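Data first, discussion second: the structure below is written as structure tokens.
Just so you know, all these numbers are worked out from the coordinates, no wet-lab data involved. Note that this is a predicted model, so its numbers are computed, not measured. Cβ placement follows ideal geometry from the backbone for every residue including glycine, while neighbour counts extend to all protein chains displayed.
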């Protein structure tokens, strides 16, 4: 356990010294405040300007989903960037053969940060969400967004050979989030084109409030993680 | 001749590491998104997309490029080669600006928002050079990607916020001296496009020269010894 905690402490120390930790904290709070207070204000202005009853109000749930995603996504992105730096400097392979091991490396760089993001995300959703969430739904959606963020970090790290490709992949990984707005803007069956993306099922689950969508949401996220983990482990071997 | 060789090397590098493939996907995505939006929003949306992505790609990628080159000791080789810092800066800026302009033009033409091709190309090209120069200034002094991401946030806010405010209708005359606003004005072929072109040239040249200064300073202290 001690090497694991030390490895995680190294991660925290690094993102603290890069000012990334402070940036993530400030950015998440700012994003949450913007969603909670800014969006309704913009809605009032837009409605009075266009003389309509609702413009953004129909999409408040989408903003809530973004709120649930923002913390784990940012933390896992920072983690992936750090892993890429460690990989470029051969640190990842060295850490994998120390008592930390491959499992410990994954835990300290992905699982622990995602766990912290999960807790922060729940707090933010409790205080800053725009819509009413049933009991139990907040932890569930936060867990799902954490899983998705871990998948993004794995994708970013596994499919890039160096920092340059990693940054390009980081940009591309944003496409994994396209599933979130799909059910809101594509009412027909065309939306199912986005079904391979876990984010699509997250949005369906929250929109329909039907537990049946939990299964594809969880399975698709775990499938992405499972497939990418194999590549990830081969890479740090 | 050296600049040409550097430029070709940079283009090859960007091709090898997937920049062209990445932006092919994003171009298709952006054009599809434009057609999913109401026609009345299309022009503003297209300009916003071009301004925040292809034009700003240098600010996003420069950290990774420079850190990679530092890791591969490319900068050490550059430091002792006849290549001058300005040639290196020009090559980096123009290679990124070329791809940014091609992508910007494709999105602009795809969305049917290019009113004046000359101003449009000038806006995207100079804008991309400016963003890349800022990225280069930051990149030469950082050690990790996370540091780069954090360090570019103030520059992004400084360039983006007034420009986006201008795009959405807040247009006091004095704001035309802002570089981001100049890019928007050129892309939209606005009333001040000609003045914006001159102002943006000045901003771009100044930032390129400052990037050159920062790079030269960094090259002098490579390897731990200040020359």
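Results, tabulated for the structure shown:
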read-out: The range A:174-220: Cα Rg divided by the 2.2 N^0.38 Å rule of thumb; value: 1.00
read-out: Base-10 log of normalised Debye intensity for chain B (one unit scatterer per alpha-carbon) at q = 0.12, 0.13 Å⁻¹; value: -0.64, -0.74
read-out: Per residue convex hull volume, Cα atoms of the range B:1-127, in Å³; value: 95 Å³
read-out: The range A:1-147, relative contact order [Cα under 8 Å, separation at least 6], %; value: 34 percent
read-out: Volume in Å³ per residue [convex hull over Cα atoms, computed for the range A:153-237]; value: 85 Å³
read-out: Most mobile listed residue (B:160, B:146, B:189) in chain B, GNM with C-alpha springs under 10 Å; value: B:146
read-out: Residues A:4, A:205 arranged by fewest to most Cβ contacts within 10 Å; value: A:4, A:205
read-out: Cα centroid separation, the range A:60-114 to the range A:139-182 (Å); value: 11 Å
read-out: Two-decimal Rg/Rh across the range B:117-227, once Rg and the Kirkwood Rh are taken from alpha-carbon atoms; value: 1.06
read-out: Distance (nanometres) between label positions extended 7 Å along Cα→Cβ at residue B:220 and residue A:175; value: 4.6 nm
read-out: Nearest 10 degrees, 0 to 90: helix A:163-173 Cα axis against chain A principal axis; value: 30 degrees
read-out: Point-to-point label distance, residue A:219-residue B:86, nm (Cα→Cβ direction, 7 Å offset); value: 6.4 nm
read-out: Peptide A:77-88 - average C-beta neighbours from other chains (10 Å radius); value: 3
read-out: Cα shape, the range A:63-108, gyration tensor, a/c 1.5 rule; value: oblate
read-out: Paramagnetic label zone (point 7 Å from Cα along Cα-to-C-beta, residue B:161; backbone N under 19 Å) in the range A:27-53; value: A:27-39, A:41-42
read-out: Whole-number percent relative contact order across chain B, with pairs defined as alpha carbons under 8 Å at least 6 apart; value: 26 percent
read-out: Residues B:198, B:210, A:232 arranged by fewest to most Cβ contacts within 10 Å; value: B:198, B:210, A:232
read-out: With Cα atoms, 0 to 90° folded angle of helix A:20-33 axis to chain A main axis; value: 10 degrees
read-out: A:158, B:132 arranged by Cβ crowding within 10 Å, fewest neighbours leading; value: A:158, B:132
read-out: Compactness of the protein assembly as shown, expressed as Rg and Dmax over alpha-carbon positions, Å; value: 22.8, 68
read-out: Kirkwood hydrodynamic radius (C-alpha pairs) into Stokes-Einstein, the range A:8-73, 4 °C and 1.567 mPa s, D in µm²/s; value: 94 µm²/s
read-out: Using a Förster distance of 35 Å, the FRET efficiency for residue A:162-residue A:1 (Cβ separation, nearest 0.05); value: 0.60
read-out: Three semi-axes of the equivalent ellipsoid, the range A:2-172, Cα gyration tensor, whole Å, largest first; value: 35, 17, 13
read-out: Modelled FRET efficiency - R0 25 Å, residue B:4 with residue B:72, Cβ distances, 0.05 increments; value: 0.70
read-out: C-alpha center-to-center spacing [the range B:156-227, the range B:59-119] in angstrom; value: 15 Å
read-out: R0 of 56 Å, Cβ-Cβ distance residue B:198-residue A:131: FRET efficiency to nearest 0.05; value: 0.65
read-out: Length added when fully stretched, residue B:168-residue B:29, from 0.36 nm per residue minus Cα-Cα; value: 47.7 nm
read-out: Extension gain (nm, one decimal) between residue B:115 and residue B:153, 0.36 nm per residue minus Cα-Cα; value: 10.5 nm
